[in-house]
1. Take residue 37 and decide whether it is within 22 Å of residue 167 (Cα to Cα), free of Cβ contacts under 8 Å to residues at least 60 places away in the same chain and surrounded by 14 or more Cβ atoms within 10 Å (Cβ to Cβ).
2. Might you let me know whether segment 1-21 holds any residue that is under 30 Å from residue 120 (Cα atoms), at pLDDT 90 or above and surrounded by 10 or more Cβ atoms within 10 Å (Cβ to Cβ)?
C-alpha cells in the first residue's frame, strides 16, 4: 500500500504544481492583455476628442464667408472616415491597424491643408474661438502620440510574453493572440524636402 501511495503523492504534487503554474501564467496574460485593452480605449478616446475638436473647428471656419469649400469638404469627409473606422481590441490585426492608421493619417493630412489655407484669412486667424480650438487640437495631437506610445509599450510587452517558452504553450492553449502595434506612416523615415528658394 505504501509503495502505491508514494507515486500517487508524487503525481498529485506534479499535477498541483503544473495546475498552479498554468493558473498563474494565464492570470498574468489576462492582466497584461487587460492593461493593453484599457490603454487602447485611451487611444480611441484621444482620437475621438480630436474628431470632436475638428468638428467644432470646421463650424468656426465655415463662418468665414469666402473660405475654400473644397478644403472644408476634404476635412469633413476625412473626419467621417476616421471616426467610422474602429477596431475591436480582440480583432487587432496588423491589417486592421493599418486601415485604422490610414484613416487617421488621411484626417491629419486634410487638417494640415485646412490650417495652411487658414493662413490666407487674417480675420479667421485672429478669431479667438479658432485660436482656442487650434491650441486644443495641438494638445490633443500630443496626447494621441503619448497614448499610442503607451499602448505600444503595453501591447509589446504582452506580445513578447506570449511568445516566450514555456508561456507560449499556455498562450496557444488559452487562445491569447498577439496585438498589432502602431507603426510610423510610410515615408516617415525620410526627412522632408525643404526648399528655401524664394526666387
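1. Yes; evaluated as a whole, the condition is true for this residue.
2. Checked against the condition, which is being under 30 Å from residue 120 (Cα atoms), at pLDDT 90 or above and surrounded by 10 or more Cβ atoms within 10 Å (Cβ to Cβ), segment 1-21 yields no hits at all.
The values are calculated or read from the model by the stated rules, or taken from the named source; none is laboratory data. From a predicted model like this one, the values you see are computed outputs, not experimental measurements. Every residue, glycine as well, gets a Cβ built from its backbone with ideal geometry; the counts of neighbours run over all protein chains shown.
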